[in-house]
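Enquirer: Below: one structure in structure tokens.
The values are calculated or read from the model by the stated rules, or taken from the named source; none is laboratory data. Small disclaimer: the values here were computed from a predicted structure and weren't measured. Cβ sites come from the backbone with ideal geometry, for glycine too, and all protein chains shown count toward neighbours.
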């Protein structure tokens with residue numbers, strides 16, 4: 001037998017072994033030196049995942065930092081269909097915990113072509129997500145998102161609005177300020193464990209930028225009072241809806257606004273499109289007699305009618321261009337203040353016609369009717385003011401007492417600021433610290449004269465707005481009633497009841513505009529239906545904001561000439577629960 005060293009077969013085997021060893025060593029050396037970065041990258045792809053981090057949406061607060069909309073952390077489960085392969089038991093548990101039907105699970109396992117992502121469950125409780133992840137189902141992953149929550153439930157719902165499932169604002173302030181609230185996403189690299197769950201090893205490639213917070217001008221306590229009064233009036237009068245806006249007379253800040261009935265933005269499945277609308281901005285209507293103070297301001301400004309004129313009202317109606325204008329009351333004659341106090345259509349028409357429709361129309365336009373308010377609320381309807389037309393006497397008369405134009409409630413509240421600010425129009429604002437400068441529209445003398453007339457419209461003899469009177473305070477206001485129009489003309493049994501008031505009139509702090517749509521429980525006049533809402537809300541507002549009564553006021557201010565509100569008034573929270581038509585109808 002030959003020694004192994006001289007055995008040809010052994011030599012061949014040894015040569016092959018050495019050759020393979022050299023090849024292997026060369027390959028390892030090549031991989032380590034020249035392919036290190038490539039291999040490391042491939043390894044990272046299998047053990048790490050790049051994740052877009054969702055920024056926290058900004059919180060919406062009221063003026064006293066009470067949260068109105070917040071974002072809470074939730075978990076989202078998703079799958080890679082190419083990896084998703086649950087056992088029968090795991091599929092049954094998915095159905096039990098997530099209420100996922102078997103067909104969806106089957107589709108996810110079969111749909112593996114050109115697809116590496118599909119949602120399994122979105123925005124679920126993190127504990128539930130943890131239960132699912134502990135099942136260790138191949139191809140199931142988890143990442144954190146946020147869910148919008150509205151802690152005040154239905155309060156201010158139409159104004160705050162809501163977001164979609166991707167946290168993008170789609171209604172209200174959430175939509176209006178989505179660019180500020182959203183923030184910017186980031187990118188993180190997460191290391192995965194054997195169960196494909198992210199560990200604490202995170203590399204931040206781009207940090208997310210959280211959304212900005214918003215502080216509204218809203219006072220949640222006053223908002224509560226407004227909503228309570230509206231709901232009470234809605235039920236008492238069996239009305240279709242009731243809306244109101246309460247603003248600070250000097251700054252134009254919106255303190256409360258609401259429409260009843262409302263909705264709960266946390267209960268998405270119960271959403272009703274009719275309830276979502278913020279009717280303060282979105283609905284327009286013929287305002288009726290609440291427009292008369294502006295018509296009277298145009299009359300006084302034009303100086304065609306003597307300010308001490310006495311107007312013949314009897315027999316309670318007047319025929320103009322073949323149309324009959326009627327009054328609800330029975331007055332023989334009235335001065336200009338009496339026309340406002342008694343809400344006389346006959347008297348208003350007689351002083352408006354010499355003044356001219358163009359003059360009234362121009363003033364209404366300068367007051368902001370027919371254009372967006374300073375808020376530019378999503379879905380806001382601007383209404384119409386007739387301009388550039390041949391002004392017949394009947395067209396002028398119709399406009400003077402609130403027909404042939406359309407307005408929204410926010411426009412009315414904004415326009416009434418001229419009577420509380422020496423003729424200066426104060427734009428509305430809803431974001432704290434963003435009040436806009438006022439501009440002059442009418443003279444102080446005219447503004448204060450009309451304001452005094454509106455005081456008589458509340459506390460004078462036969463006043464239409466007497467139910468808005470508040471003991472101890474001088475209140476100015478004007479009621480209005482308009483018949484609803486349809487394609488066939490005005491309807492005989494459908495009305496809108498309105499009231500706009502200023503409190504206190506001798507030192508204005510609040511302006512409130514109210515509308516009750518289609519009251520059906522008997523009454524329908526604005527003075528009977530809407531004025532009591534003003535009284536109920538303002539009694540509370542004046543009390544909790546410690547606004548001095550007439551007796552407590554050391555010096556009586558001239559109407560419309562009051563100074564700024566007391567410094568503490570809106571800085572300290574009060575904790576409390578929370579076209580012309582064939583028939584011109586008469587209004588009150």
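Enquirer: Name every residue in the range 165-191 that is part of a helix (DSSP H, G or I) and crowded, with 16+ Cβ neighbours inside 10 Å, in order of residue number.
Expert: Within the range 165-191, 172, 173, 174, 175, 176, 178, 181 meet the criteria.
Enquirer: With 464, 472, 402, 433 as the choices, which residue is assigned to a loop (DSSP other than H, G, I, E, B), in contact with a strand residue (DSSP E or B) (Cβ under 8 Å, 6 or more places away or on another chain) and farther than 30 Å from residue 176 by Cβ? It would help to see each step written out before you state the result.
Expert: Values: 472 fails: in contact with a strand residue (DSSP E or B) (Cβ under 8 Å, 6 or more places away or on another chain); 402 fails: farther than 30 Å from residue 176 by Cβ; 433 fails: farther than 30 Å from residue 176 by Cβ.
Only one candidate qualifies: 464.
Enquirer: Separate question: What do you reckon, is residue 29 surrounded by 10 or more Cβ atoms within 10 Å (Cβ to Cβ), at pLDDT 60 or above and touching a strand residue (DSSP E or B) at 6+ places or on another chain (Cβ under 8 Å)?
Expert: no
Enquirer: Does any residue of the range 351-359 turn out to be in contact with a strand residue (DSSP E or B) (Cβ under 9 Å, 6 or more places away or on another chain) and modelled with pLDDT of 95 or more? Spell out how you get there, then give the answer.
Expert: The first filter runs over the range 351-359 and keeps only residues in contact with a strand residue (DSSP E or B) (Cβ under 9 Å, 6 or more places away or on another chain), leaving 351, 353.
From what is left, the residues that are modelled with pLDDT of 95 or more are 351, 353.
Within the range 351-359, one or more residues are in contact with a strand residue (DSSP E or B) (Cβ under 9 Å, 6 or more places away or on another chain) and modelled with pLDDT of 95 or more.
Enquirer: (1) buried (at least 23 other Cβ atoms within 10 Å of the Cβ); (2) at negative phi: which one isn't true of residue 288, the others all being true?
Expert: Condition not satisfied by residue 288: (2).
Enquirer: Look at the range 474-501 and say how many of its residues are modelled with pLDDT under 90 and within 16 Å of residue 523 (Cβ to Cβ).
Expert: 2
Enquirer: Also, I was wondering about something else. With respect to the numbered conditions (1) out of contact with any strand residue (DSSP E or B) (no Cβ under 6 Å at 6 or more places or on another chain); (2) surrounded by 18 or more Cβ atoms within 10 Å (Cβ to Cβ); (3) in a loop (DSSP other than H, G, I, E, B), which one is the sole condition not fulfilled by residue 387?
Expert: (2) is the only condition that residue 387 fails.
Enquirer: Further question: I'm checking my understanding of the structure. Among residues of the range 267-277 that are closer than 26 Å to residue 410 by Cβ and out of contact with any helix residue (DSSP H, G or I) (no Cβ under 9 Å at 6 or more places or on another chain), which one is surrounded by the fewest Cβ atoms within 10 Å (Cβ to Cβ)?
Expert: The extreme case among them is 273.
Enquirer: Another question, if that's okay. Name, by its number, the condition in (1) surrounded by fewer than 17 Cβ atoms within 10 Å (Cβ to Cβ); (2) part of a helix (DSSP H, G or I) that does not hold for residue 138.
Expert: (2)
Enquirer: Which of the following residues is part of a strand (DSSP E or B), modelled with pLDDT under 85 and within 40 Å of the chain's Cα centre (by Cα): 51, 100? Write out each step before concluding.
Expert: Working: 100 fails: part of a strand (DSSP E or B).
Answer to the check: 51.
Enquirer: Do we have any residue at all in the range 537-550 that's at pLDDT below 95, exposed (fewer than 14 other Cβ atoms within 10 Å of the Cβ) and at negative phi?
Expert: No.
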